[in-house]
Amino acid sequence: MQTASIDIGIAHATSSEYSVSRWEQGKALTLSDHVAEEVPVALVYNGISHAVMLATPQDLEDFALGFSLTEGIAGSPQDIYEIEVTPQSNGIELHITLATEKFHMLKLRRRSMTGRTGCGLCGAESLEQAMRIPVNTMPVNEQISAKSLEKAIHLINERQQLQQLTGGTHACAWVSNEGDIQLIREDVGRHNALDKLIGAIANSKTNTSGFVLTSSRASYEMVQKTASASIPILVAMSAPTGLAIRVARNCGMTLIGFARLHKHVIYSYPERIVHEEVK
């Protein structure tokens with residue numbers, strides 16, 4: 001099969017502005033529209049390219065660290081010595097200097113991944129690689145109030161600056177037990193947004209007690225990445241998948257879906273959430 005060479009004009013900004021025609025209430029309108037950007041981002045470890053993901057070109061240092069941690073490439077932030085963001089004409093390279101022992105383990109895996117927007121298990125070479133089920137059960141040692149969930153849900157929309165501009169991104173937020181949003185990261189891909197958030201958490205001095213709130217659905221990989229960071233509560237504003245529920249129950253995570261003001265569905269470990277009865 002022959003393929004055409006197309007100049008796609010890689011943009012390194014988080015959004016672009018286009019003149020568009022909008023059909024609304026029986027009339028055609030010409031106006032400017034902002035859209036979110038996605039750029040090929042290559043993760044290069046010690047000079048060897050490991051993965052290419054399509055991501056929004058912001059918070060890329062956080063993305064590099066979070067991806068390395070959630071994919072098991074690095075065991076801790078200390079395994080990453082340096083991250084250098086290098087723009088190229090056809091994308092962005094993240095040059096990551098990895099500890100020698102971890103790099104040796106990475107070479108043994110010999111995995112090649114090509115990520116697409118919204119992709120989950122891209123490029124895994126075997127079922128064993130694809131299903132990296134968390135095995136460490138998290139103890140039920142803390143509780144949060146349902147009011148904290150509602151507070152975060154109320155706040156998250158106004159904190160999504162790129163979503164407000166473009167309407168085309170997901171967000172993942174790190175929320176304190178009191179419901180205050182400590183950190184938030186956005187991306188066209190929900191998995192990328194979560195990797196960015198986990199990288200930001202690892203880099204910050206924020207309180208490690210809290211939960212993750214995502215504007216997306218809760219897939220298996222969202223649960224797996226959250227569990228890899230030993231975060232016991234994942235709150236999704238959309239639906240979970242059946243596999244995500246089973247994995248959450250297996251590893252001791254509280255998984256909440258359809259999170260809205262005054263309502264949510266708890267799929268696993270409801271004892272972590274404290275509700276006040278309405279009389």
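Here are the numbers:
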{"read-out": "Sorted by Cβ density within 10 Å, fewest first, the residues T137, T30", "value": "T30, T137"}
{"read-out": "Cα-based reach from K225 at 12 Å (exclusive), listing aspartates and glutamates while leaving out same-chain residues under 8 positions away", "value": "E71, D195"}
{"read-out": "Neighbour-count order for K27, K225, fewest beta carbons within 10 angstrom listed first", "value": "K27, K225"}
{"read-out": "Likely footprinting exposure, L65, L197, fewest C-beta neighbours within 10 Å first", "value": "L65, L197"}
{"read-out": "Calculated SAXS-style log₁₀ I(q)/I(0) at q = 0.13, 0.17 Å⁻¹ - the chain, Debye, Cα scatterers", "value": "-0.90, -1.39"}
{"read-out": "The range 144-274 - Rg and Dmax from Cα coordinates, angstrom", "value": "13.1, 39"}
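Values in this text are rule-based calculations from the coordinates and carry no lab data. Remember, predicted model here, so these are calculated numbers, not experimental data. Note that each Cβ is placed from the backbone with ideal geometry, even for glycine, and that neighbours are counted across all protein chains shown.
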